[in-house]
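The values are calculated or read from the model by the stated rules, or taken from the named source; none is laboratory data. Since this is a predicted model, take the numbers as computed values, not measurements. Cβ atoms come from the backbone with ideal geometry, glycine included; neighbour counts cover every protein chain shown. Each accessible area value is taken on the protein alone, full model and side chains, heavy atoms only, with ligands, DNA and RNA left out. Shrake-Rupley method; radii C 1.70, N 1.55, O 1.52, S 1.80 Å.
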Amino acid sequence: MRSLLLKVFALAVLLVPAPAASAAEPPSATVERLNAALLEVMQQAEEMGFEGRYARLEPTLTEIFDFPAMARVTLGGHWSSISEAQRAAFTQAFADYSVAVFADRFDGFSGERFEILGEQEARRGAVLVRNQIVKSDGEAVEINYLTQPQDDGSWRIVDTILGGTASELAARRGEYSGIIRKLGIEALIQTLKDKTAGFADD
């Protein structure tokens, strides 16, 4: 677990320098808002369908996640080699796909509940919020979130840690780098668009 946290925190260092945050709202409050939105779409998943879940989650996730910073980190050194237009297109495709992943994953309700277990300080002011989803049979699955403070005193999520060990940002960075090296940035942007559209077709 320690090695994972070091890797996650190292990714956090690559994000924008973190300003001092106000004590008015803890990082866990951001995750609480996310959990509430996810629980809502889970409870209404069937009647909403994928498109309804996406529409409900998109404004909340756009506010809670720092998608522009996350998009930049996933490209690593490739970010400086692409045009401003390509950066904007990739960031939008990245955000759309990220919302679609949540809309696809949280597609039903069987008595689950979310629990926030605590906060753990990271480097440069970042905080890991330990969180889990508890199934009706009592089985718990960790879904932790790395957060960074903003100028207005709020906190935004910059990474999702599934199962308590798997950094989504790190996984995407490796995947995206391979696509860019083989096919280029335009192919990566189109791949994300295709994946997002594919969720709606399932």
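Quick notes
- The chain - accessible surface per residue (Å², probe 1.4 Å): 48 Å²
- Carbon/sulfur fraction of accessible area - the chain, other protein chains in place, 1.4 Å, %: 50 percent
- Partners of Lys193 within straight-line reach, counting aspartates and glutamates whose Cα lies under 17 Å from its Cα and excluding those fewer than 8 residues away in the same chain: Glu51, Glu58, Asp96, Asp104, Glu175, Asp201, Asp202.
- Bridge type composition, segment 61-202 - antiparallel percent by DSSP, nearest 5: 95 percent
- Extension gain (nm, one decimal) between Ala36 and Lys193, 0.36 nm per residue minus Cα-Cα: 53.8 nm
- Difference of contour (0.36 nm per residue) and Cα-Cα distance, Ser83 to Asp137: 14.4 nm
- Computed lengthening from Glu25 to Gln92, 0.36 nm per intervening residue step minus Cα-Cα distance: 21.3 nm
- Taking amide H atoms as placed 1.01 Å from N in the peptide plane, the amide H of Asp159 lies under 5 Å from those of Leu146, each 5 or more residues away in sequence or on another chain.
- Sparse-neighbour loop sites [trypsin sites (Lys or Arg not before Pro); segment 22-85; at most 14 other C-beta within 10 Å; DSSP]: none
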